[in-house]
1. How high is the relative contact order of the chain? Use alpha-carbon pairs under 8 Å, at least six apart in sequence, and give a whole percent.
2. Between ASP42 and VAL66, what FRET efficiency follows from the Cβ-Cβ distance if R0 is 25 Å, with the result rounded to 0.05?
3. For ASN50, which sequence-distant residues (separation of 5 or more, or a different chain) have an amide H within less than 5 Å of its own amide H, given hydrogens modelled in the peptide plane?
4. Please find, in a Gaussian network model of the chain (springs between Cα atoms separated by less than 10 Å), the residue of LEU29, LEU47, LEU55 whose mean-square fluctuation is greatest.
5. Roughly speaking, what is the stretch gain from LYS34 to ALA73, that is 0.36 nm per residue apart minus the C-alpha to C-alpha distance, in nm to one decimal?
6. What list of ³J(HN,Hα) couplings, whole Hz, do you get for region 36-48 from phi and the Karplus terms 6.51, -1.76, 1.60, once you set θ to phi - 60° and write x for glycine and proline?
7. Skipping prolines and chain starts, which residues have an amide H placed within reach, meaning under 5 Å, of the one on LEU31, given they are 5 or more residues away or on another chain?
8. HN-Hα J couplings of region 19-29 from phi, Karplus 6.51/-1.76/1.60, θ = phi - 60°, integer Hz, Gly and Pro as x?
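Please treat every number below as a calculation from the coordinates, not as lab data. Everything numeric in this text was worked out from a predicted model, so none of it was measured. Ideal geometry is used to build each Cβ from the backbone, glycine not excepted, and the neighbour counts take in all protein chains shown.
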Amino acid sequence: MSLRSTQLLLFGSPKAGTPLMVAEPTVALDLPLKVVAWEAADGKVWLSYNDPYYLQQRFSISDELVKNIDIVAPLIYQAFL
């Protein structure tokens with residue numbers, strides 16, 4: 001089997017993630033946070049990740065706790081620009 005260029009980045013912090021898992025243990029399904037960089041058939045490279053506010057809705061995370069993980073977009077922006 002062949003696979004076009006693909007990289008998976010995992011990042012997280014026990015200090016940030018543990019309070020979320022205490023509040024809603026099933027959020028551990030999506031922690032640590034992940035970003036996949038993948039090459040499309042046309043050669044373009046894309047970044048994909050689950051938005052923290054999607055995870056907030058999916059797991060009924062409070063506004064206060066979602067702040068622990070809403071750093072993903074700024075990190076991606078800084079890393080790739």
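1. Computed value for the chain: 29 percent relative contact order.
2. For R0 = 25 Å, the calculated efficiency reads 0.15.
3. It is LYS34, by chain and number.
4. Comparing LEU29, LEU47, LEU55 in the GNM, the peak value goes to LEU29.
5. Value of the extension gain: 12.9 nm.
6. Result, rounded to whole Hz: 10, 9, 9, 9, 7, 4, 7, x, 6, 9, 10, 10, 10.
7. Close amide H contacts, sequence-distant or interchain: none at all.
8. Rounded to whole hertz, the list is x, 5, 5, 5, 6, 8, x, 6, 5, 4, 4.
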